[in-house]
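Only one structure is covered here, and it is reproduced in the block below.
The values are calculated or read from the model by the stated rules, or taken from the named source; none is laboratory data. Keep in mind it's a predicted model, so treat the numbers as computed, not measured. FYI the Cβ positions are ideal-geometry reconstructions off the backbone, even for glycines, and counts take in every protein chain you see.
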Amino acid sequence: MTVLRKENPNIADAAIGPKGRPAGRNGHGYACFAALSRVPYARSCLKNGDPMNADEIAAAKNEALSEAKAAGNAADLEQVRIKYLGRNGLLPKIMQGLKDVGPEERPLIGKLANEFKQEVQSAVDARRQELGSAGAASSASAFDFTIPGRWRPTGSLHPISMVIEESCRIFAGLGFTVADGPDIETAYNNFDALNTPPDHPSRDNQDTFWLESGELLRTQTSPVQIRVMEANKPPIRIVAPGRCYRRDTTSATHSANFHQIEGLYVDKQVSMADLKSDITYFARLMMGSEVKVRFRPHFFPFTEPSVEYDFSCHICKGKGCRICKQSGWIEISGAGMVDPRVFKIVGYDPEKVTGYAFGAGIERIAMIKYGVSDIRQLYDNDVRFLSQFA
Ligand code: 2U9
C-alpha cells in the first residue's frame, strides 16, 4: 500500500513504494500518479513505463476514488479528473500498456481498465454534484448575519409637524377631531364672520396678504371653524391646525408664514371652566405634568370674554430666568368664549349653545419645548439642526 514520505522536502507528498523505495517504473508506477503534478521524479517514472499489473490498477483506482471524494472544490476535482482520466492521465497510459501485457493477462487488465474508467468517472460525477449543492448551501451560509448593517440616516418629522401631531393627539383624547381648510380664504370667513369690523387694523394691507381677486392668505385658521359651523349643527368639537400668513418682517420671533392650531368646542353649557381645564390638560401633556397655566383678561373680536394664557416657565419652574425674562411665565396665546355675534352669523342660536375657542402658535410651542431661540431655524431646513430631532 502507498505511504507518503514527509522527511525529504524535495519529494514531499511523493508516492513511495513498498519498502520505502520511491514508487516508480519497477512495479510501483501507480503511486507516482498520486503525486503526478507535484513530483518531477514521479512524472517521469511512467514515461516509458512497464504495463501496470492488476494490483497496481486496483490500487490506483482506490487512490483516484479517494482523491475524487476528497476534492474540496470544483477546480480540485477537475484536476483529479484530468490526472486520472484526461488525455495525458493514467487511464490512457493503462490502455497503452495493454499491448505489452501477455495474452493470458490482457482480458483481466482490459476489464480492470474499464472498471477504472467507469468507477473513477462516476466518483468524479458524484462529487461534482455534491460540490454543486454544497456550493449553493455555502453561498447561502456565506451571508454573515452578525456583520453590522450599513448605516443609513433616518428621517424624522419636522419639529413643527411633531408639535402639530402631538397637539392633535392630545385633543383627540378629549374627543376633538381634526378639521382642515384652504390657505386662500375669503374676507368673509377670515374677518366678517369672526366679528372683525371693516376698519379693524388686522385687515390692513400692512398686516394681511390680499390677493387681486379680493381673497386673502388666511391670517389665522379660524375660517376653518366658520366653514365647519356653517356646514354642521352643534355639538362641534374640532381642532384646526395649519399654515397662516401675516405681513410681518421676519425676525428671531416672527415669520410671515407660521402655523397655528385653533380649537372650537360648541355645545349646550360649555363654560369657561371647560376652557381652562382643557387648556391645562393640553399644557401638562405637551410641556410636562408640573406646568402651571395662568389666564389673563384680554380682548379679541371673536370671543367674549377673552383671555391670554401663559405656561409656567419649564426651564426655571416658575422661579424666573433669562428665557421667561424673570417673570416665571411664558406667554402662549389667547382664547375665550365664542362671541354670540359669531354664533348668529353662522346660524347658531346663542341662547341655546355656548362654546369656547382657543388659538396657539405652533412655532412658539416648538421653540419653548425644544429650546429653539430663533424661529428662522425652523424654516432653514439645515439638516444639522433638523437631525437633532431624529
Ligand atoms: C371662531 C371663534 C373664535 C380663536 C382664537 C385666539 C384667541 C388667539 C392666537 C394664536 C396664535 C393668534 O397667531 S396667534 O398669535 N389666537 O389668541 N384664537 S381665540 O377664536 C375663535 C376661532 C374661531 C369661530
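In the stretch 27-78, counting only helices (runs of 4 or more DSSP H) that sit wholly within it, the ones holding 3 or more residues that are modelled with pLDDT under 50 span 29-34, 40-44.
You will find that of E230, E212, the residue that is farther than 30 Å from Y370 by Cα, surrounded by fewer than 15 Cβ atoms within 10 Å (Cβ to Cβ), in contact (Cβ under 8 Å) with a residue 60 or more places away in the chain and among the charged types (D, E, K, R) is E230 and no other. Would a scan of the stretch 307-322 turn up a residue that is within 37 Å of the chain's Cα centre (by Cα) and surrounded by fewer than 21 Cβ atoms within 10 Å (Cβ to Cβ)? Scanning the stretch 307-322, I find at least one residue that is within 37 Å of the chain's Cα centre (by Cα) and surrounded by fewer than 21 Cβ atoms within 10 Å (Cβ to Cβ), so the answer is yes. The single condition among (1) within 15 Å of the ligand (Cβ to nearest atom); (2) closer than 17 Å to E331 by Cβ; (3) surrounded by fewer than 19 Cβ atoms within 10 Å (Cβ to Cβ) that P301 does not meet is (2). Checked across the stretch 148-158, the condition of being under 19 Å from A256 (Cβ atoms) and within 16 Å of the ligand (Cβ to nearest atom) holds for no residue. Scanning the stretch 261-277 for residues that are surrounded by 14 or more Cβ atoms within 10 Å (Cβ to Cβ) and either near the ligand (Cβ under 10 Å from one of its atoms) or among the aliphatic types (A, V, I, L, M) (or both) yields a count of 8.
Restricting attention to the stretch 293-312, does a residue exist that is β-branched (V, I, T), farther than 17 Å from K369 by Cα and touching a residue at least 24 places away in the same chain (Cβ under 8 Å)?
Pass one, the stretch 293-312, residues β-branched (V, I, T): 293, 303, 307.
After this cut, where a residue has to be farther than 17 Å from K369 by Cα as well, the list is 303, 307.
Okay, now just the ones that are also touching a residue at least 24 places away in the same chain (Cβ under 8 Å), so 303, 307.
Yes, the stretch 293-312 has at least one match.
Being within 17 Å of V346 (Cα to Cα), of a type in the set (K, R) and not in a helix (DSSP H, G or I) is the filter; apply it to the stretch 200-247 and report the residue that is nearest to the ligand (Cβ to nearest atom). Checked the stretch 200-247; the qualifying residue nearest to the ligand (Cβ to nearest atom) is R237. Given the criteria surrounded by fewer than 21 Cβ atoms within 10 Å (Cβ to Cβ) and either hydrophobic (A, V, I, L, M, F, W, C) or outside any loop (DSSP other than H, G, I, E, B) (or both), does F258 qualify? Answer is yes for this residue.
In the stretch 325-345, of all residues being crowded, with 20+ Cβ neighbours inside 10 Å and among the β-branched types (V, I, T), the one that is farthest from the ligand (Cβ to nearest atom) corresponds to I330. M95 satisfies every condition listed in (1) in contact (Cβ under 8 Å) with a residue 24 or more places away in the chain; (2) outside the structural domain of R227 (by TED's automatic domain parsing) except (1). Once the stretch 61-81 is narrowed to residues that are among the hydrophobic types (A, V, I, L, M, F, W, C), out of contact with any Asp or Glu (no Cβ under 6 Å at 6 or more places or on another chain) and surrounded by 15 or more Cβ atoms within 10 Å (Cβ to Cβ), the residue that is farthest from V120 (Cα to Cα) is A71.
Only one of the listed residues (Y188, Y245) is of a type in the set (S, T, Y) and buried (at least 18 other Cβ atoms within 10 Å of the Cβ). That residue is Y245.
Across the stretch 355-381, which residue is nearest to the ligand (Cβ to nearest atom) among those that are farther than 14 Å from L157 by Cα and free of Cβ contacts under 8 Å to residues at least 60 places away in the same chain? Ranking the candidates gives R364 first. Picking from residues in the stretch 186-199 that are of a type in the set (S, T, Y) and under 47 Å from the mean Cα position of the chain (by Cα), the one that is farthest from the ligand (Cβ to nearest atom) is T186.
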